[in-house]
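Take a look at the structure below.
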Amino acid sequence: MSLIPTLSETIARARADLRMGLPVAIGDHLAAAVETLSPARLADLRALGPGVLALTDRRAGTLRARAYDGDLARVILPPDADLAWLRALADPAGDLMTPLKGPLTSARGGAVDAHRAALALAKSAQLLPAMLVVAAPAPDGLTHLPPGPALVQLAAEAAMIPVAAARLPLMSAERSRLHVFRPDDGGEEHYAIEIGDPPRDAPVLARLHSACFTGDVLGSLKCDCGPQLQAALTAMGQAGSGVLLYLNQEGRGIGLANKMRAYDLQNQGFDTVEANHRLGFEDDERDFRIGAALLRRLGFAAVRLMTNNPRKVTMMQAHGIAVPDRVPLIVARNRHNTGYLDTKAEKSGHLL
Ligand SMILES: Nc1nc2c(ncn2[C@@H]2O[C@H](COP(=O)(O)OP(=O)(O)OP(=O)(O)O)[C@@H](O)[C@H]2O)c(=O)[nH]1
Ligand SMILES: [Zn+2]
């Protein structure tokens with residue numbers, strides 16, 4: 001019956017619910033994001049059962065909570081745990097001011113599919129990965145997801161639907177077209193800027209640029225994104241052809257709010273990788289299948305990839321795009337971003 005939502009449509013609903021502060025049902029558990037939970041909903045959830053706080057092993061490591069389930073920990077809620085307690089565990093902003101939150105006791109044994117799915121959902125909603133999970137049947141009206149590992153991968157690769165395109169002359173390249181793509185899973189739209197008329201049967205000069213509001217729009221000195229964007233477009237303009245994907249994966253996939261949380265931690269002395277980990281994220285949460293799918297949709301099978309990030313090269317190859325050539329894109333070192341660039345070279349393998 002085509003009028004019943006598919007799994008990826010139900011996941012999109014669940015993301016929206018969590019962002020509003022509504023719990024979702026995953027199998028026979030209820031899960032709510034700590035970041036958006038209200039006191040009334042916390043009280044009602046707790047009345048249904050004891051509940052645990054699901055955290056990633058990254059966040060659990062900072063909090064010295066045992067992660068018995070590999071990539072996740074289930075912290076048992078003390079009877080007097082309130083929203084302030086949950087938020088302090090979810091958000092590292094106050095870690096240095098109030099370092100002692102424990103001792104924390106973690107659950108072990110039993111099924112963890114629902115907890116793992118809850119954390120994957122929080123990340124895909126760009127919320128802090130900290131989820132209150134209670135074993136209880138779903139009340140009517142909540143979005144209901146099946147349990148199981150399928151959810152962890154958040155459904156299959158989305159189809160990228162081209163919705164509109166038009167000529168867009170740029171300072172750096174007059175012969176340009178902007179294409180807008182909309183994934184069929186309710187995710188973010190992404191853009192492609194096609195410069196000139198690149199032949200589809202030869203490797204195209206290409207850049208996968210991840211959105212950086214602060215660098216691209218505001219001219220932030222904390223990173224090199226804005227100058228990289230302009231340098232890539234200029235190089236393509238000079239070469240007469242190329243394709244730049246502008247991927248709405250702000251903050252390496254964690255979203256602008258979490259990136260600002262990460263910047264706040266960086267002001268407390270942590271580097272870009274440590275900050276992500278303290279928030280409960282991996283260094284890089286981007287889904288590179290999106291870039292590969294867009295290239296394929298545009299008809300490109302091989303790219304001369306403008307990047308300093310070897311992982312982008314391997315991820316494109318892993319997803320079926322040949323990369324016969326990597327073109328370095330080294331620009332704009334300054335006194336504010338030199339530590340950031342050094343960390344990327346030391347910890348993320350960037351070739352700078
Ligand atoms: N989480 C987080 N994201 C950041 C930080 N600084 C910049 N970013 C984001 O990092 C992404 C930069 O992506 P890219 O320009 O593709 O950079 P890259 O993976 O380093 O690779 P190349 O630039 O291709 O060499 C953008 O989404 C920025 O918003 C930071 O300190 N923390
Ligand atoms: Zn940036």
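The values are calculated or read from the model by the stated rules, or taken from the named source; none is laboratory data. All values reported here derive from a predicted model rather than from experimental measurement. A quick note on method: Cβ atoms are made from the backbone with ideal geometry, for glycine too, and the neighbour counts reach across all protein chains shown. Note: areas computed on protein heavy atoms with side chains; ligands, DNA, RNA excluded. Shrake-Rupley method; radii C 1.70, N 1.55, O 1.52, S 1.80 Å.
When VAL273 is tested against the conditions (1) more than 10 Å from ligand 1 (Cβ to nearest atom); (2) closer than 30 Å to GLU35 by Cβ; (3) β-branched (Val, Ile, Thr), the lone failure is (1). Restricting attention to region 242-264, does a residue exist that is within 30 Å of MET131 (Cβ to Cβ) and in a strand (DSSP E or B)? Yes; the residues of region 242-264 include at least one that is within 30 Å of MET131 (Cβ to Cβ) and in a strand (DSSP E or B). What number of residues in region 180-213 are part of a strand (DSSP E or B), touching a Leu at 6+ places or on another chain (Cβ under 9 Å) and open to solvent by less than 30 Å² (accessible area, probe 1.4 Å)? Residues that pass the stated criteria total 13.
Before we move on, is THR214 β-branched (Val, Ile, Thr) and near ligand 1 (Cβ under 9 Å from one of its atoms)? Yes, satisfied.
Residues in region 1-39 that are part of a helix (DSSP H, G or I), exposed (fewer than 14 other Cβ atoms within 10 Å of the Cβ) and touching a strand residue (DSSP E or B) at 6+ places or on another chain (Cβ under 7 Å): 0 in all. Just one of (1) open to solvent by less than 40 Å² (accessible area, probe 1.4 Å); (2) out of contact with any Gly (no Cβ under 7 Å at 6 or more places or on another chain) fails for ARG304. It is (1). Filtered by the rule that a residue be in a loop (DSSP other than H, G, I, E, B) and in contact with a Cys (Cβ under 7 Å, 6 or more places away or on another chain), region 327-352 gives a lone residue, ASN337. Taking first residues from region 131-147 that are under 16 Å from ILE11 (Cβ atoms) and at pLDDT below 95 and partners that are crowded, with 16+ Cβ neighbours inside 10 Å and among the charged types (D, E, K, R), the Cβ contacts under 8 Å between residues at least 6 apart in sequence or on separate chains come to PRO147/ASP113. Scanning region 221-264 for residues that are among the polar types (S, T, N, Q) and open to solvent by 20 Å² or more (accessible area, probe 1.4 Å) yields a total of 5.
Quick grid of which residues meet (1) within 22 Å of GLY61 (Cα to Cα); (2) near ligand 1 (Cβ under 10 Å from one of its atoms); (3) among the small types (Gly, Ala, Ser); (4) modelled with pLDDT of 95 or more:
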residue: GLN230; (1), (2), (3), (4): no, no, no, yes
residue: GLN238; (1), (2), (3), (4): no, no, no, yes
residue: GLU250; (1), (2), (3), (4): no, yes, no, yes
residue: ASN258; (1), (2), (3), (4): yes, yes, no, yes
residue: ALA262; (1), (2), (3), (4): yes, yes, yes, yes
residue: ARG278; (1), (2), (3), (4): yes, no, no, yes
